[in-house]
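*Asks:* The structure follows.
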Amino acid sequence: MKAAGILLIVASCSGLGFHMAFLYGRRIRECAQIERSVSGLAGEIRFRQTPLTEALDAAGRKETGGFSAFLRRLSERLRGFESGRFEEIWQEELACYLQTSLLGEEAELLLFLGQQLGYLDLEEQQKSLALFLEQWRRQMAGLKQEEEKKGRLYRYLGVFAGFFLAILLL
């Protein structure tokens, strides 16, 4: 019975370490989806000369997932002629999105994007989107490097913590 308990402790600690590493990978996948969606938004505005409301809807329909749903909800609210500035609506929808996401420092960049879009002309929107994508890619590169280090660390710590607890219980 004691051996089964020790085995469960090692397995659960290892599982926790692997789960933490998995969450880092999921955060990177979520950031990549945001990058693709914003690139699609930039393409709609730049090449098709689409108004922002329609561009948000088109970019949101290209993929499935949390950020695409955020873009679609934002577009629906803008089409509904809700009172308030674009920036306020963006912040409200972003707050709802961030409740279900794994984003950390990246949320500040998304907030900055919402402050830049909406009231600018077509050319300035394109510049804002290009600047955002450049900053986002830099953030993603740092996040990937961090994930390699911390992911490995979480996995090792989980396994070693399990063995440490098992030794303490013996």
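The values are calculated or read from the model by the stated rules, or taken from the named source; none is laboratory data. Because the structure is predicted, anything quoted here is derived from the model rather than measured. Backbone-built Cβ (ideal geometry, glycine too); neighbour counts: all protein chains shown. The area values use the complete protein model at the heavy-atom level, side chains included, leaving out ligands, DNA and RNA. Shrake-Rupley method; radii C 1.70, N 1.55, O 1.52, S 1.80 Å.
*Asks:* Please work out the C-alpha center-to-center distance from segment 140-170 to segment 56-134 and express it in whole Å.
*Replies:* So the two Cα centres are separated by 35 Å.
*Asks:* Right, something else. Towards the positive end of the charge dipole of the chain, with charges on Cβ (+1 Lys, Arg; -1 Asp, Glu), say which of L16, L103, V159 has the farthest Cα.
*Replies:* Going by the charge dipole, the pick is V159.
*Asks:* What size of dipole, in debye to the nearest 20, comes out for segment 107-170 about its Cα centre when the only charges are +1 on Lys and Arg C-beta atoms and -1 on Asp and Glu C-beta atoms?
*Replies:* The calculated dipole for segment 107-170 is roughly 520 debye.
*Asks:* Using only the alpha carbons of segment 103-166, what is the convex hull's orientation-averaged projected area in square nanometres?
*Replies:* The number I arrive at for segment 103-166 is 5.1 nm².
*Asks:* Heavy atoms only, probe 1.4 angstrom, no DNA, RNA or ligands counted: give me I34, I167 ranked by accessible area, highest first.
*Replies:* Most to least solvent-accessible, the answer reads I167, I34.
*Asks:* Rounded to two decimals, what is Rg over Rh for segment 94-137 when you use alpha-carbon atoms and the Kirkwood radius?
*Replies:* 1.02
*Asks:* With Kirkwood's inverse mean 1/r over C-alpha pairs for Rh, give me the Rg to Rh ratio of the chain, two decimals please.
*Replies:* For the chain, the value is 1.17.
*Asks:* Right, next: Given Cβ point charges of +1 (Lys, Arg) and -1 (Asp, Glu) and nothing else, what value in debye, to the nearest 20, does the dipole of the chain about its Cα centre take?
*Replies:* 920
*Asks:* Still on this structure: Counting only Cα, what are the radius of gyration and maximum Cα-Cα distance Dmax of segment 16-77, in Å?
*Replies:* 14.1, 48
*Asks:* Further, regarding this structure: Given the options Y24, Y97, Y156, state which has the largest fluctuation in a GNM of the chain using a 10 Å cut-off (strictly under) for Cα springs.
*Replies:* Ranking Y24, Y97, Y156 by mean-square fluctuation puts Y156 first.
*Asks:* Over the chain, what is the relative contact order in percent, taking alpha-carbon pairs closer than 8 angstrom and at least six residues apart?
*Replies:* 41
*Asks:* Using 1/(1 + (r/R0)^6) with R0 = 35 angstrom and r between the beta carbons of L169 and C96, what's the FRET efficiency to the nearest 0.05?
*Replies:* For R0 = 35 Å, the calculated efficiency reads 0.20.
*Asks:* Something else now. Less than 20 Å apart at the alpha-carbon level, and either on another chain or at least 8 residues along: which aspartates and glutamates does that give for K62?
*Replies:* Qualifying aspartates and glutamates at Cα under 20 Å: E30, E35, E44, E54, E76, E93.
*Asks:* Per residue of the chain, what 222 nm ellipticity follows from adding -39500 (n - 2.57) for every DSSP H run with n ≥ 4, rounded to the nearest 500?
*Replies:* After summing the helix terms and dividing by the residues of the chain, the value is -30000 deg cm²/dmol.
*Asks:* With springs only between Cα atoms under 10 Å, which of G80, G151, G66 fluctuates most in a Gaussian network model of the chain?
*Replies:* G80
*Asks:* In addition: Which value, in debye to the nearest 20, describes the size of the charge dipole of segment 1-96 about its Cα centre when Lys and Arg Cβ atoms bear +1, Asp and Glu Cβ atoms bear -1, and nothing else is charged?
*Replies:* So the dipole magnitude of segment 1-96 works out to roughly 420 debye.
*Asks:* Near F132, within a Cβ-to-Cβ distance under 12 Å, what is the net charge of the other residues, with Lys and Arg +1 and Asp and Glu -1?
*Replies:* Net local charge, F132 excluded: -1.
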